[in-house]
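What follows is a short report on a single structure.
The values are calculated or read from the model by the stated rules, or taken from the named source; none is laboratory data. Here the structure is a predicted model, which means the values were calculated and not measured. Counting neighbours? That spans all protein chains shown, and the Cβs are built from the backbone with ideal geometry, glycine included.
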Amino acid sequence: MKIRINVDLKTNRVVRNFILVDLVLLAGWGLIEPILALYVVGNVAGATVVTVGTAAGIYWIFKSMLQIPIAKYLDRTSGEEDDLRFLIAGLLLAAFSAFAFSLVTKIWQLYVVQLIHAVAFGLYAATWPAIFSRHLDKGKVSFDWALDSTAVGISAGLSGFFGGVIANWLGFKAVFVLAALFTLLSAFVLILSPNLVMPGKKSSSEPSFKDHTPANIGR
């Protein structure tokens, strides 16, 4: 008995770009995750393990509360231009919050940065999957999602290891700066994608981004 496995790794350009955005963004934040708690306890005046837990709670609660109204707003507007603008805004805020961690010296500052972090990823969580899902390859929906998950998992795993190495070698602040640069790079992947982000000059009556939602979705 012969078993043939034929894996077609080709995807459309939008899917490739968005996988790259996800990969670069989470590679950057993967640098931060292993060392953030150590940084807070060791460098923020008066911080304890409870402080770390509170900061994590602020992030997850506010992100979860924000992403639903953002998604509802975007669902009420046609086309993808607003989705893309919110997505880029989220990436830029995420880059700012990554860098801002390096400046935190007081507990209240940590909480403020976590709020900004929550807004950034609330925007990202409501927009990236929306655009990505509209452009999935026909007959390869599961593969496209699995490819993204695999790419992100490998990049986050590698960056998690290197985050600790870099923090030990160059210090914590170098990790935050690198994470911010990675996040900015993920935004520039979108900004510099000609056919997706700058589709060319059109008349004022013609939308820059058509709605790619398949007709049978949500029915």
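Summary table below
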read-out: Some residue of segment 14-23 being in contact with a helix residue (DSSP H, G or I) (Cβ under 8 Å, 6 or more places away or on another chain) and either exposed (fewer than 13 other Cβ atoms within 10 Å of the Cβ) or without any contact (Cβ under 8 Å) to a residue 40 or more places away in the chain (or both); value: no
read-out: Residue count, segment 89-102 (criterion: assigned to a helix (DSSP H, G or I) and more than 20 Å from ALA187 (Cα to Cα)); value: 0
read-out: GLU81, sole failed condition from (1) touching a Ser or Thr at 6+ places or on another chain (Cβ under 8 Å); (2) among the acidic types (Asp, Glu); (3) surrounded by 19 or more Cβ atoms within 10 Å (Cβ to Cβ); value: (3)
read-out: Residues of segment 141-182 satisfying the condition of being within 17 Å of ARG16 (Cβ to Cβ) and among the hydrophobic types (A, V, I, L, M, F, W, C); value: VAL141, PHE143, TRP145, ALA146, LEU147, ALA151, VAL152, ILE154
read-out: Scope segment 103-153; condition outside any helix (DSSP H, G or I), touching a residue at least 24 places away in the same chain (Cβ under 8 Å) and farther than 30 Å from GLY46 by Cβ; matching residues; value: HIS135, LEU136, ASP137, LYS140
read-out: Elements of type helices (runs of 4 or more DSSP H) in segment 7-88, at least 2 residues being of a type in the set (Ser, Thr, Tyr); value: 49-75
read-out: Failed item in (1) of a type in the set (A, V, I, L, M, F, W, C); (2) in contact (Cβ under 8 Å) with a residue 12 or more places away in the chain; (3) surrounded by fewer than 14 Cβ atoms within 10 Å (Cβ to Cβ), with ALA37 passing the rest; value: (3)
read-out: Among (1) modelled with pLDDT of 90 or more; (2) surrounded by fewer than 17 Cβ atoms within 10 Å (Cβ to Cβ), the one test that GLY164 misses; value: (1)
read-out: Within segment 162-178, tally of residues that are out of contact with any helix residue (DSSP H, G or I) (no Cβ under 7 Å at 6 or more places or on another chain), in contact (Cβ under 8 Å) with a residue 60 or more places away in the chain and not basic (Lys, Arg); value: 1
read-out: Test result for ALA71, among the aliphatic types (A, V, I, L, M), touching a helix residue (DSSP H, G or I) at 6+ places or on another chain (Cβ under 6 Å) and over 27 Å from ASN12 (Cβ atoms); value: no
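Rundown of residues vs (1) within 25 Å of LEU36 (Cβ to Cβ); (2) among the basic types (Lys, Arg), yes/no style:
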| position | (1), (2) |
| --- | --- |
| GLU80 | no, no |
| ARG85 | no, yes |
| LEU91 | yes, no |
| LEU103 | yes, no |
| TYR111 | yes, no |
| HIS117 | yes, no |
| TYR124 | yes, no |
| GLY139 | no, no |
| PHE182 | yes, no |
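Yes/no matrix, rows are residues, columns are (1) modelled with pLDDT of 90 or more; (2) within 13 Å of TRP29 (Cα to Cα); (3) in contact with a helix residue (DSSP H, G or I) (Cβ under 8 Å, 6 or more places away or on another chain); (4) surrounded by 19 or more Cβ atoms within 10 Å (Cβ to Cβ):
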| position | (1), (2), (3), (4) |
| --- | --- |
| VAL104 | yes, no, yes, yes |
| TRP108 | yes, no, no, no |
| PHE121 | yes, yes, yes, yes |
| THR127 | yes, no, yes, yes |
| LYS138 | no, no, no, no |
| TRP145 | yes, no, no, no |
| ALA180 | yes, yes, yes, yes |
| LEU196 | no, no, yes, yes |
